[in-house]
1. Kindly indicate whether any position in the range 201-218 is in a helix (DSSP H, G or I), open to solvent by less than 30 Å² (accessible area, probe 1.4 Å), modelled with pLDDT of 75 or more and of a type outside the set (D, E).
2. Go through (1) out of contact with any Pro (no Cβ under 7 Å at 6 or more places or on another chain); (2) open to solvent by less than 60 Å² (accessible area, probe 1.4 Å); (3) modelled with pLDDT of 90 or more and name the single condition R138 misses.
3. Against the condition more than 23 Å from N176 (Cβ to Cβ), open to solvent by less than 50 Å² (accessible area, probe 1.4 Å), touching a Lys or Arg at 6+ places or on another chain (Cβ under 9 Å) and at pLDDT 85 or above, how does D85 come out, does it pass?
4. Out of the range 43-76, which residues are of a type in the set (D, E) and modelled with pLDDT of 90 or more?
5. State whether the residues of the range 118-133 include one that is modelled with pLDDT of 90 or more and either outside any helix (DSSP H, G or I) or open to solvent by 30 Å² or more (accessible area, probe 1.4 Å) (or both).
Amino acid sequence: MRWTPGGTSGDIEDRRDDSGGGGFGFGGGGGWVVLDDVQHTWEQLLPKQAGKPYRHAKLVLFRDSIDSACGMAQSATGPFYCPVDEKVYLDLSFFQELKDRFGAPGQFAQAYVVAHEIGHHVHEIGHHVQKILGIEQRVSSLQQRDPRERNPMSVRLELQADCLAGVWGHSTEQRNIIDKSDVAAGLHAAAAIGDDRLQRMATGHVNPDSFTHGSSSERVEWFRRGMDQGTVSACDTFNGH
C-alpha cells in the first residue's frame, strides 16, 4: 500500500486516557491516514452517485470500555458505528488481541492486522453512509415492527456495508494506491469474520437463521461487487442477490 504519510486527523477523538490506556498503534501509516482518504472519497462520490452531501464521522479511540450514545462499549464488542452520535468506536486493544490471536511471526501478522484495521474503518464508514442515505433508519423501524426480520435485515445491512467498503476500494485502485495483494488481504479479512466461520470456531456447527453479518462467501461476494463496480447502486442487498 502506498499511503502518503499524514498528520493527525481532525476527525479523531483520542479517549484512551478515559479508560486508563496507553497508546497502541501501527506507526505513522495505518488506519488513521486511511480514515481521511475514505471520508474524502465519500465527499466526492455521495453527491454524484446519490445526490446527498457527505458529512464526516468522528473516530473515537478507546481502551477496554467507554460510554457511547449507543450504550456502553467494551473491547469484546469490536469496532462499531453508533448512528445516534455518528461516531465510529474503535478499541485499540481489539487489534492487539487480533494480532495475538492471528500472530504469525513477522510482517505477515502485521499486514494482516492492519488489513483488519483498515477493513473495519471502511466497513463502519459504510454504516455511516447508510445513516446519511436513510437506510439504517428504515431497517431499524422494520426490525422493530417485525422481530422476525431482525436477523435477516441485519445481514442485509452488514453486507451492504461490505459492498460500500468495496466501492472505496474501487476508488483507491483507480488512484493507483492499492494493489492486488492488498485486495486479497481485505477479502481474507472479510471472509475470516463471516458468521459461519465464527460459529464453527465457537461451537463446531453453523446456524444460518442466527446470522447477523452474513456468511464468509456472502461477505466476500458483496465486497467484490462494490470493488468491481464502484457504485452505490451496485450495493442493493435488499432486493435479492
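The values are calculated or read from the model by the stated rules, or taken from the named source; none is laboratory data. Values in this document were obtained by computation on a predicted structure and should not be read as measured data. Here the Cβ positions follow ideal geometry from the backbone for every residue, glycine too, while neighbour counts run over all protein chains shown. Note: accessible area is taken over every heavy atom of the protein model, side chains too, but ligands, DNA and RNA are not part of it. Shrake-Rupley method; radii C 1.70, N 1.55, O 1.52, S 1.80 Å.
1. Yes, the range 201-218 contains a residue that is in a helix (DSSP H, G or I), open to solvent by less than 30 Å² (accessible area, probe 1.4 Å), modelled with pLDDT of 75 or more and of a type outside the set (D, E).
2. The single condition R138 does not satisfy is (2).
3. In short, yes.
4. Selection gives E43 alone.
5. yes
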